[in-house]
Amino acid sequence: MVKVERAVSGPAAQPAGVAWLIAIGAWFVPGVGHLWLKRWGRALLMGGAVWASFLVGLAMGGHMFSLSTGQGSSPLLQIPPMIANMGSGLPYLFCLLFGIGFSDNPEQAARATYEYGNTFLLIAGLLNYLTVLDAFDIAVGRKP
Amino acid sequence: MMLFAALAAIVFGAVAKDTTSERWLYGLKVFAEFMIIGLVLGWLLYFIP
């Protein structure tokens, strides 16, 4: 009888340092972690979903959070949504740097899609956290 | 709401489960759950002043 050995499919685990770099890259630019791992389909689907959510949120006139947008309340209340927004990585930092989506003007808040936009922006960041964890799990070999 | 449900379902489906068919099924399930819960909550809140 011939013994047949089947190789375990899936990529070899990356060294821990590289896996962390992949995770940071995945956070910084949504989709890059999976591109790095040559998971084209996942990069397109997951990164695309994050980018789409972020851009739709901005187009709807959504508002992002930072510590400076207290609106008279405690800046501590801004921390949870800020953490969610920060999950978007580079798009969030770009908007923070150029003041896009951070202003508190009444005209923007009066838009019918304002709250929808907020939600899309929050969800973009939260979905990207899931994407980062997925990329990290693949990189360390926990996931095929 | 449909766009939101679709985007969330794509990521949830891609992250969870092991096989492609399981991922598709889970993604569709998540999409359906978001839609059904959204519509039910929408109608409930419609009657609450």
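The values are calculated or read from the model by the stated rules, or taken from the named source; none is laboratory data. On a predicted model such as this, the values are computed, not experimentally measured, just so you know. Reconstructed Cβ throughout: ideal geometry from the backbone, glycine too, with neighbour counts over all protein chains shown.
Listed conditions (1) assigned to a helix (DSSP H, G or I); (2) at pLDDT below 90; (3) among the charged types (D, E, K, R); (4) touching a helix residue (DSSP H, G or I) at 6+ places or on another chain (Cβ under 9 Å) are all met by residue A:143, apart from (1). Determine whether region B:25-48 contains at least one residue that is among the β-branched types (Val, Ile, Thr), within 14 Å of chain A (Cβ to nearest Cβ) and more than 25 Å from residue A:58 (Cα to Cα). Among the residues of region B:25-48, not one is among the β-branched types (Val, Ile, Thr), within 14 Å of chain A (Cβ to nearest Cβ) and more than 25 Å from residue A:58 (Cα to Cα), which makes the answer no. Answer with yes or no whether residue A:57 is in a helix (DSSP H, G or I) and either out of contact with any helix residue (DSSP H, G or I) (no Cβ under 8 Å at 6 or more places or on another chain) or not hydroxyl-bearing (Ser, Thr, Tyr) (or both). Taking the combined requirement at face value, the residue satisfies it. Each residue in region A:132-143 was checked for being within 11 Å of chain B (Cβ to nearest Cβ) and more than 20 Å from residue A:80 (Cβ to Cβ), and 5 pass. For region A:79-109, filtering for residues that are surrounded by 18 or more Cβ atoms within 10 Å (Cβ to Cβ), of a type in the set (S, T, N, Q) and part of a loop (DSSP other than H, G, I, E, B) leaves 1.
Take the conditions (1) more than 10 Å from every other protein chain (Cβ to nearest Cβ); (2) in contact (Cβ under 8 Å) with a residue 40 or more places away in the chain; (3) not in a loop (DSSP other than H, G, I, E, B); residue A:128 misses just one of them, which is (1).
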